[in-house]
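Report on the following structure.
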Amino acid sequence: MDRTRRLRKSEVLRSMVREEHIRTDELIYPVFVMEGNNIASPVPSMPGICQYSLDRVMEEIDRTVELGIPAILLFGIPEHKDEVGSGAYAVDGIVPQAIRLIKDKYPELIIIADVCLCEYTSHGHCGLICDGEILNDETLPLLAKASVVYAKAGADIIAPSDMMDKRVAAIREALDAEGLVNTPIMAYSAKFASGYYGPFRDAAHSAPGFGDRNTYQMDPANGREALREVAQDLEEGADLIIAKPAMAYMDVIKDISNNFNVPIVAYNVSGEYAMVKAAAANGWIDEKKIVMENMVGLKRAGAKMVITYHALDVARWLREDK
Ligand code: PBG
Ligand code: ZN
């Protein structure tokens, strides 16, 4: 008779038959860098996460590297915003400066540069605007320009998060034209227009000034459409695929994993982080248990890597439990 409990008898046995694991080298930690001096400013809706000026960011990078986390995802917060998001592709912008600084100390650390305009535009949208419309094709050269600037500054991977059509092709072409043929693109392919990005927009000062992102990010109801987005991005030259948010979209991760042979990156986003932190702060849940369950859940769904604000804690817990 089949008795599944036989293999649950002891931790040793359970550990032998355990199907999925999360490892430190599968974690990617998002970092916010900001113009200014002596800033390590906590983000209220994301306990434990700060915005850092360049003279303080190394504190956080040191911790990250010390814990064995292999990669960071960089977001920039500029001092000046304008209509066309100039700060995103300025050669001396906050992100290229941060890349050079961090690479200088830690050449081995993988720096993934998020590419988008919303942190840099006065209107807070991810593309150029004309008469209230978010322009697609006109935005592409700017995303391509930013990608080249970041890659030349030393970024290891370029991660476009804007959701304009054809941006992966535009970025690939621009990188190749500059001889950066070996710089991979990690495309935010299945990116849904989600309420879960709220705390991030506090952290990155990137909330849209009018309207919403529904004409470029995906409708949360559309799992099948996500497969079209992934297919397009792969055809355009994406090397890695991001699905986000993660927890409410595990079916999408599973579907991508069943249909495409490409490493999938789950982005466990700011709102997901905030909910866990809030419940934990109230003593309503066991934070470590919940976070580790979420991590292994994402692996089970088919993610190869996880971008998460919990990365330092996860790495610490994995080290403790070894
Ligand atoms: C910007 C961007 C966003 C996130 C990553 N890049 C926010 C948005 O699209 O409004 C969300 C990350 C998070 O919530 O943790 N394009
Ligand atoms: Zn954006």
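FYI, it's all coordinate maths here, none of it is from the lab. Values in this document were obtained by computation on a predicted structure and should not be read as measured data. For neighbour counting, all protein chains shown are included, and Cβ atoms are generated from backbone atoms with ideal geometry for every residue, glycine included.
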### For the range 116-216, alpha-carbon Rg relative to the globular expectation (2.2 N^0.38 Å, N residues)
1.08
### Query
Convex hull over the alpha-carbon atoms of the range 161-224: what's its volume per residue in Å³?
125
### Message
Please report the antiparallel percentage of the DSSP beta bridges confined to the range 1-127, to the nearest 5.
### Response
15
## Note on the structure
A correct Karplus calculation of ³J(HN,Hα) over the range 54-70, with 6.51 cos²θ - 1.76 cosθ + 1.60, θ = phi - 60°, whole Hz and x for Gly and Pro, returns 4, 6, 10, 5, 5, 4, 6, 5, 4, 4, 4, 5, 4, 7, x, 6, x
### Message
Can you tell me what share of the DSSP beta bridges in the chain is antiparallel? A percent to the nearest 5 is fine.
### Response
10
#### Entry: CD proxy at 222 nm, helix term only [per DSSP H run n ≥ 4: -39500 (n - 2.57); per residue of the chain; nearest 500]
-11500 deg cm²/dmol
## Note on the structure
FRET efficiency for Arg14 and Arg316 from the Cβ-Cβ distance with R0 = 22 Å, rounded to 0.05, comes out at 0.45
### Query
Counting Lys and Arg as +1 and Asp and Glu as -1, each charge on the Cβ, what is the dipole of the range 103-142 about the Cα centre in debye, to the nearest 20?
260
### Task
Grab the beta carbon distance between Asn222 and Glu138, set R0 = 30 Å, and tell me the FRET efficiency rounded to 0.05.
0.70
### Message
For a test of the definition: using alpha carbon positions, the gyration tensor, and the 1.5 limit on a/c, classify the range 42-104 as rounded, prolate or oblate.
### Response
oblate
### the chain, dipole about Cα centre (Lys/Arg Cβ +1, Asp/Glu Cβ -1), debye to the nearest 20
1660
### Message
I want the local charge near Pro70. Using Cβ-Cβ distances under 11 Å, sum +1 for each Lys or Arg and -1 for each Asp or Glu among the other residues.
### Response
-3
### Query
In the P(r) worked out for the range 34-168, what percent of Cα pairs fall beyond 24 Å?
30
### Message
From the convex hull of the Cα coordinates of the range 87-144, what is the mean projected area in square nanometres?
### Response
4.4
### Message
Can you give the FRET efficiency to the nearest 0.05 for Phe210 and Arg6, using r as the Cβ-Cβ distance and R₀ = 51 Å?
### Response
0.25
### Query
Which angle from 0 to 90°, rounded to the nearest 10, does the C-alpha axis of helix 250-259 make with the longest principal axis of the chain?
80
## Note on the structure
Extension length gain for Asp176 and Val296 (0.36 nm per residue less Cα distance), in nm, is 39.6 nm
### Query
From the cross-link list Lys289/Lys322; Lys105/Lys244; Lys288/Lys322; Lys244/Lys277; Lys9/Lys299, which pairs have alpha carbons spaced over 26 Å apart?
Lys105/Lys244
### Summary
Expected vector for the range 131-137, Karplus 3J(HN,Hα) from phi with 6.51, -1.76, 1.60 and θ = phi - 60°, integer Hz, x for Gly and Pro, equals 6, x, 9, 8, 7, 8, 5
### Task
Compute the Rg/Rh shape ratio of the chain: radius of gyration over Kirkwood radius, all on alpha-carbon atoms.
0.97
### Query
Lys/Arg Cβ at +1, Asp/Glu Cβ at -1, dipole of the chain taken about the Cα centre: which of Val17, Ile94, Phe200 is farthest positive-ward?
Val17
### Task
Calculate how steeply helix 140-153 sits against the longest principal axis of the alpha-carbon atoms of the chain, using the helix alpha-carbon long axis, and give the answer as 0 to 90 degrees to the nearest 10.
70
### Summary
Given backbone amide H placed at 1.01 Å from N, residues whose amide H is under 5 Å from that of Ala303, ignoring those fewer than 5 places away on the same chain, are none
### Task
Along each of the three principal axes of the Cα atoms of the range 207-307, give the extent in whole Å, ordering the values from largest to smallest.
46, 38, 21
### Message
Going by amide H atoms built from the backbone, whose H comes under 5 Å of the H on Leu135, apart from near neighbours?
### Response
Leu128, Ile129, Cys130
### Query
Once both axes come from the Cα atoms, what is the angle between helix 223-236 and the longest principal axis of the chain, in degrees from 0 to 90, rounded to 10?
60
### Task
Compute the signed sum of charges (Lys and Arg +1, Asp and Glu -1) over the other residues within less than 10 Å, Cβ to Cβ, of Lys299.
0
### Interchain or long-range residues, amide H under 5 Å from Ala193's placed H
Met218, Asp219
### Query
Along the range 116-122, what does the Karplus equation 6.51 cos²θ - 1.76 cosθ + 1.60 (θ = phi - 60°) give for ³J(HN,Hα), rounded to whole Hz, x for Gly and Pro?
6, 9, 4, 6, 10, 8, 5
### Query
So for the chain, taking the charge dipole from beta-carbon charges (+1 Lys/Arg, -1 Asp/Glu), which of Tyr249, Ile158, Val168 sits furthest toward the positive end?
Tyr249
